[in-house]
1. If we keep just the residues of the range 13-30 that are part of a helix (DSSP H, G or I) and in contact (Cβ under 8 Å) with a residue 12 or more places away in the chain, which is farthest from residue 281 (Cα to Cα)?
2. Condition (residue is outside any helix (DSSP H, G or I), crowded, with 22+ Cβ neighbours inside 10 Å and either modelled with pLDDT of 95 or more or out of contact with any Phe, Trp or Tyr (no Cβ under 9 Å at 6 or more places or on another chain) (or both)) applied to the range 107-130: is it met by at least one residue?
3. State whether the residues of the range 35-44 include one that is free of Cβ contacts under 8 Å to residues at least 60 places away in the same chain and in a helix (DSSP H, G or I).
4. Give me the pairs, please: first residue somewhere in the range 212-227 and within 14 Å of residue 47 (Cα to Cα), second residue anywhere and part of a helix (DSSP H, G or I) and at pLDDT 90 or above, beta-carbon distance under 8 Å, and either six or more positions apart or on two chains.
5. Give the residue that is nearest to the chain's Cα centre (by Cα), with candidates limited to residues of the range 263-296 that are among the polar types (S, T, N, Q) and part of a helix (DSSP H, G or I).
6. Taking the condition of being out of contact with any strand residue (DSSP E or B) (no Cβ under 7 Å at 6 or more places or on another chain) and part of a helix (DSSP H, G or I), how many residues in the range 134-168 meet it?
7. Can you find, within the range 95-106, the residue that is surrounded by the fewest Cβ atoms within 10 Å (Cβ to Cβ) among those that are in contact (Cβ under 8 Å) with a residue 60 or more places away in the chain and in a loop (DSSP other than H, G, I, E, B)?
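The values are calculated or read from the model by the stated rules, or taken from the named source; none is laboratory data. Everything numeric in this text was worked out from a predicted model, so none of it was measured. All Cβ positions, even for glycine, are placed from backbone atoms using ideal geometry, and neighbour counts span all protein chains on display.
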Amino acid sequence: QLKKTEVVPLLMEWFVQQQQIICANPTEVAAKLRKMVAGGARKTVVISDFDYTLSRFANEKGERLSTTHGVFDDNVMRLNPALGQQFVDLKNKYYPIEFCPILTQEEKIPHMEKWWGTSHSLIVNEKFSKNTIEDFVRQSRIVFKDGAEDFIQSLDAHNIPLVIFSAGIGNIIEYFLEQKLGAIPRNTHFISNMILFDEEEKACAFSEPLIHTFCKNSSVIQKETSFFHEINGRVNVILLGDSMGDIHMDVGVERDGPTLKVGYYNGSLDDTAALKHYEEVYDIVLIHDPTLDVAQKIVDMIN
Ligand code: TMP
């Protein structure tokens, strides 16, 4: 059994040895980790994005995998190619805007609202049933990152709340977890867009407020205040994300403790400006990492 003072230097040493890890300010990271180790599991909460954070960005061949919304692209394309193409056209048009290095967030927001709004209207107008959507998830190309199942279950085992904060579709994440883990772990809380079903279990609306990539902050967290109040002793946050929109997901937490921000970078290595930006906003940047190893090591160290 290692002493509490020994674990942080060991983890920092391990970070240095891993090629996929960039840690721009190791002194600050070590200081945050020391506070987290001192606080232990009882003081910790994990807030994580889902798409391309808990789920994988690409398969071994480098082919892009699916987001939660992307479940509709693939499956609808098989059943109704004209409608499927509409989902794909939306993605081809708006995904480059979401990650455009030139536009500001303010300039991107109207485009994101249009993308989410149009995509959700297509889903509601088609009145997809709950069963059909569960089937879509079963046949989808959403893939957990390596170690994600163990990570989620180890948080549950140590009674550490996991907040899945997703601008994707929360029901799809729920079905995916049920299918992969057998049930949704008790410790898991969702902040996401939920498809609402009518009495025949057909999609009839989406929950409000709409959550898109760039409003994962105080604007959508208001209705979550009772949840954050319940966990108000949890002052140390591990935040996992993959985009610039994820870095304020901890605004609902009532405290002044540290947030350790771990960011998955899925972009091009030639895009040095984007990479530098990730290094500025995330404490730890993981380059094309298909695993949950770093987050798991941090949690293991805290317990
Ligand atoms: P998040 O990873 O921040 O939760 O954002 C969800 C992702 O879903 C975001 O990268 C855009 C993507 N998306 C689709 O792939 N298809 C869609 O129809 C919509 C609305 C979003």
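1. For the range 13-30, the residue satisfying everything is 14.
2. No, every residue in the range 107-130 fails to be outside any helix (DSSP H, G or I), crowded, with 22+ Cβ neighbours inside 10 Å and either modelled with pLDDT of 95 or more or out of contact with any Phe, Trp or Tyr (no Cβ under 9 Å at 6 or more places or on another chain) (or both).
3. Filtering the range 35-44 for residues free of Cβ contacts under 8 Å to residues at least 60 places away in the same chain gives 38.
Checking which are in a helix (DSSP H, G or I) leaves us with 38.
Yes, there is a match, as at least one residue in the range 35-44 is free of Cβ contacts under 8 Å to residues at least 60 places away in the same chain and in a helix (DSSP H, G or I).
4. From the range 212-227, the pairs are 216/245; 216/246; 221/228.
5. In the first step, residues of the range 263-296 are kept if they are among the polar types (S, T, N, Q); the result is 266, 268, 272, 291, 296.
If we keep only those that are part of a helix (DSSP H, G or I) too, we end up with 272, 296.
Working: 272: 23, 296: 15 Å.
Ranking the qualifying residues of the range 263-296, first place goes to 296.
6. 13
7. 101
One line per residue, one yes/no per condition, for (1) in contact (Cβ under 8 Å) with a residue 24 or more places away in the chain; (2) within 23 Å of residue 64 (Cα to Cα); (3) in contact with a helix residue (DSSP H, G or I) (Cβ under 6 Å, 6 or more places away or on another chain):
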position	(1), (2), (3)
109	yes, no, yes
117	yes, no, no
131	yes, no, no
137	yes, yes, yes
143	yes, yes, no
160	yes, no, yes
